[in-house]
Amino acid sequence: MNSGYTSELRHLNFTIIGNWKMNGSLADARIYSEKLDNFFREKKLRSQVVVCPPYIYLAETHGHFKKGGQDCSENENGAFTGEVSAEMLSEMGCGYVILGHSERREMAETSKQIAKKAEIAHKYNLKTVICVGEKDGEDFVEVVKEQLDKSLAISCDPRNTVIAYEPVWAIGTGKTPTLKQIEERHAYIKENCKFPVLYGGSVKPENSGLISKVPNVDGLLVGGASLEAESFISIINECENK
Ligand code: PGA
């Protein structure tokens, strides 16, 4: 199958995203930024690295790496208490936003809302990371096809959107699909849309080298193992050696 990317381009675009979820502190954000920044100053990397801290720590998370939001509002602005807009993320220096993470879909976020968020995110020049994945016992094709059909906005194109395939049963459990399954599932997603596909779900320093070498894997979305700078840096190093 032809994903539309040469292997050279695929490597240049390899994207590693750290999603802190609702973890960390202000002090952590500062120390983490310093460690990552020092690492980036010493090493010229081919991969794109993006850190997604909680909104409130975005201002203190900075260095020679990109940053992103973990979500954004489906509305542009207005009376939406507690929400954060795509424009605000952009203003805070974000280049990316994660949309439709399974933990948000679990809170009743719909694919339709995700598409709406993506459209607004693109308006403010954010790259969207649209998450899809089946729960334990669900059929991969059935679930992911529907999520892809409904979560992608008309504004999505391969320059502003990546898909993150994250089997829900693999998130935070230490379980992962086999490398063959990852290859086949990413191939299926690429057959259905033309976007790069990241893998997420229990990525650790120990398995990141192997997963990053799987054909059709264009990057990684890392949760728990991105919380410590040292562990995230090990993952980045593993991917650089692929
Ligand atoms: P995990 O989370 O790496 O802790 O499994 C991945 C994710 O939820 O994006």
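One line per residue, one yes/no per condition, for (1) in contact with a helix residue (DSSP H, G or I) (Cβ under 8 Å, 6 or more places away or on another chain); (2) closer than 22 Å to residue 39 by Cβ:
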| residue | (1), (2) |
| --- | --- |
| 194 | no, no |
| 201 | yes, no |
| 216 | yes, no |
| 221 | no, yes |
| 229 | yes, yes |
| 232 | yes, yes |
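Regarding residue 129, is this residue assigned to a loop (DSSP other than H, G, I, E, B), closer than 20 Å to residue 13 by Cα, at pLDDT 95 or above and within 16 Å of the ligand (Cβ to nearest atom)?
Working: assigned to a loop (DSSP other than H, G, I, E, B): no; closer than 20 Å to residue 13 by Cα: yes; at pLDDT 95 or above: yes; within 16 Å of the ligand (Cβ to nearest atom): yes.
Answer is no for this residue.
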Note to self: I'm trying to understand the selection: among the residues of the stretch 132-142, which are without any contact (Cβ under 8 Å) to a residue 60 or more places away in the chain and either crowded, with 22+ Cβ neighbours inside 10 Å or within 16 Å of the ligand (Cβ to nearest atom) (or both)?
What the structure shows: 132, 134, 135, 136
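Please count how many residues of the stretch 64-92 are of a type outside the set (D, E, K, R), without any contact (Cβ under 8 Å) to a residue 60 or more places away in the chain and surrounded by 18 or more Cβ atoms within 10 Å (Cβ to Cβ).
Taking the stretch 64-92 as the starting set, the residues that turn out to be of a type outside the set (D, E, K, R) are 64-65, 68-70, 72-73, 75, 77-82, 84-86, 88-90, 92.
When the remaining residues are screened for being without any contact (Cβ under 8 Å) to a residue 60 or more places away in the chain, the result is 64-65, 69-70, 72-73, 75, 77-82, 84-86, 88-90, 92.
Pick out the ones that are also surrounded by 18 or more Cβ atoms within 10 Å (Cβ to Cβ) and you get 65, 69-70, 72-73, 84-86, 89-90.
So the answer is 10.
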Note to self: Among the listed residues 187, 170, identify the single one that is touching a residue at least 40 places away in the same chain (Cβ under 8 Å) and hydrophobic (A, V, I, L, M, F, W, C).
What the structure shows: 187
Next item on the list: Could you pull out every one of the strands (runs of 3 or more DSSP E) wholly within the stretch 151-242 that has 2 or more residues that are within 12 Å of the ligand (Cβ to nearest atom), buried (at least 18 other Cβ atoms within 10 Å of the Cβ) and not hydrophobic (A, V, I, L, M, F, W, C)?
Entry: 197-200
Notebook entry, point to check: Applying the selection to the stretch 93-109, what residues are part of a loop (DSSP other than H, G, I, E, B) and within 18 Å of the chain's Cα centre (by Cα)?
Noted result: 93, 94, 95, 100, 101, 106, 109
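The values are calculated or read from the model by the stated rules, or taken from the named source; none is laboratory data. Here the structure is a predicted model, which is why all the values come from computation and not from measurement. In this analysis, Cβ positions are derived from the backbone assuming ideal geometry, glycine residues included, and neighbour counts consider all displayed protein chains.
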